[in-house]
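We did not get these values from a lab; they are worked out from the coordinates using the rules stated. Source: prediction; values computed, not measured.
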Ligand code: GLU
């Protein structure tokens with residue numbers, strides 16, 4: 001059996017962390033089993049469909065590295081012509097794919113027309129509430145209405161819906177790959193709408209018909225669908241089909257224990273790209289919310305995760321979105337990346353309009369870098385010649401957590417005049433040996449023919465010896481302040497190698513003048 005899974009989003013809003021996790025598990029599971037991942041767009045709720053959302057979904061998937069072999073936006077053959085296409089439910093409906101199946105259900109007596117008005121439905125709801133009965137539609141006057149009554153309603157042009165006739169007095173068994181067997185009393189399962197008055201299928205109907213027709217073997221979806229699973233089991237049974245294996249994924253919570261929401265900060269997938277996170281770091285982080293590869297493995301590439309992905313590792317209990325852990329994991333992925341690739345990624349990041357928009361709109365907290373300084377640093381890094389940019393990235397990749405942090409971290413390398421930390425200046429520039437030190441170093445650097453970090457080390461140590469200074473500190477610190485404006489930063493000789501002789505000399509000279 002070929003594993004066939006699907007990510008089936010409704011284009012009703014920006015995909016968030018939970019949606020992306022579902023997409024990732026589909027990808028990992030398909031990859032693990034050499035199967036097929038499908039992207040199907042569930043756009044049957046026209047009123048809730050948001051313009052541009054489908055594009056944002058596909059963009060989000062590409063950003064985190066989800067691959068799909070069939071469906072909307074896939075690299076495969078034109079989706080509408082594939083054996084299972086089209087892959088947008090609105091198009092499937094227009095192509096008449098659902099009609100034969102719901103008509104068959106009506107003919108078999110497993111579904112029925114219902115013509116309740118919204119006032120009638122509201123009255124029924126209140127009545128059940130007053131009687132403390134479970135909410136939902138359990139039949140009313142239409143479940144067992146004689147054909148003549150239905151035909152009369154149709155002839156009168158009443159708007160009607162088609163509902164599933166959930167059998168009463170039975171146990172409905174849902175087999176969930178994570179939670180095991182769940183039994184439901186069918187008397188508590190209401191009759192869901194399958195076809196709406198506008199002729200569009202509901203999620204319950206379209207998704208299940210599609211899962212069957214697309215030969216889906218496993219359904220990964222959020223646990224908010226658990227209560228719908230018995231309806232889907234009944235539907236599959238009535239159509240004589242075998243349901244796919246169901247895998248309901250636990251809800252994702254914030255660290256405060258409440259369901260993850262905008263209150264917890266960025267949750268839309270592309271916001272993380274705007275904030276500077278590498279897609280591979282975000283994928284790694286999100287995949288581990290609710291799945292464990294076993295042991296204490298955490299930092300993993302997509303291929304490693306696919307290799308290890310197993311339903312046994314999917315947790316039934318809720319997962320926690322820990323923003324500090326994302327920072328940490330992101331930093332590890334940055335450090336593990338080759339500088340050339342990373343420099344290309346920073347360049348791409350800095351050049352995006354969304355990066356500019358994201359940071360320009362940001363209100364920084366008191367300990368955060370001014371967003372305009374960040375953007376300025378990114379721009380300078382992106383427009384540096386590729387070799388300098390790569391050297392700058394290699395110099396600082398140990399010290400940043402994401403692409404955006406390269407802006408403030410690298411800025412000092414590319415500015416015309418250094419921003420001095422007044423405390424650093426106060427502490428080091430007033431030492432009597434400093435002007436002489438700067439002059440000597442400047443002369444040595446001017447005469448240097450090789451410019452590797454060890455060459456700078458030799459030059460500075462020669463100044464130290466000539467000046468009879470015992471310790472390295474009084475030599476290193478003032479030079480660092482002259483070159484970077486600050487007392488902290490990456491290794492001095494390494495950063496000198498990135499700055500290059502002209503900048504070094506210029507900065508030393510201007511530090512002498514500024515004293
Ligand atoms: N269209 C549903 C949603 O976006 C998908 C649920 C499923 O995967 O079956 O929530």
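Structure summary
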{"read-out": "Residue-span extension gain [residue 215 to residue 344] - 0.36 nm each, minus C-alpha spacing", "value": "42.4 nm"}
{"read-out": "Between 0 and 90°, nearest 10: helix 339-350 axis offset from the chain longest Cα axis", "value": "70 degrees"}
{"read-out": "Kirkwood Rh and Cα Rg combined as Rg/Rh, region 297-406", "value": "1.05"}
{"read-out": "Computed helical MRE - 222 nm, the chain, DSSP H runs ≥ 4 contributing -39500 (n - 2.57), nearest 500", "value": "-14500 deg cm²/dmol"}
{"read-out": "The chain: relative contact order in percent, alpha carbon pairs under 8 Å with at least 6 residues between", "value": "12 percent"}
{"read-out": "Within the chain, percent of DSSP bridges classed antiparallel, to nearest 5", "value": "50 percent"}
{"read-out": "Helix 99-108 axis, angle to the chain major axis (alpha carbon atoms, nearest 10°)", "value": "40 degrees"}
{"read-out": "0 to 90° range, to nearest 10: angle between helix 473-484 axis and the chain longest Cα axis", "value": "60 degrees"}
{"read-out": "Translational diffusion of the chain, µm² s⁻¹ [Kirkwood Rh, Cα pairs; Stokes-Einstein; 37 °C; 0.692 mPa s]", "value": "121 µm²/s"}
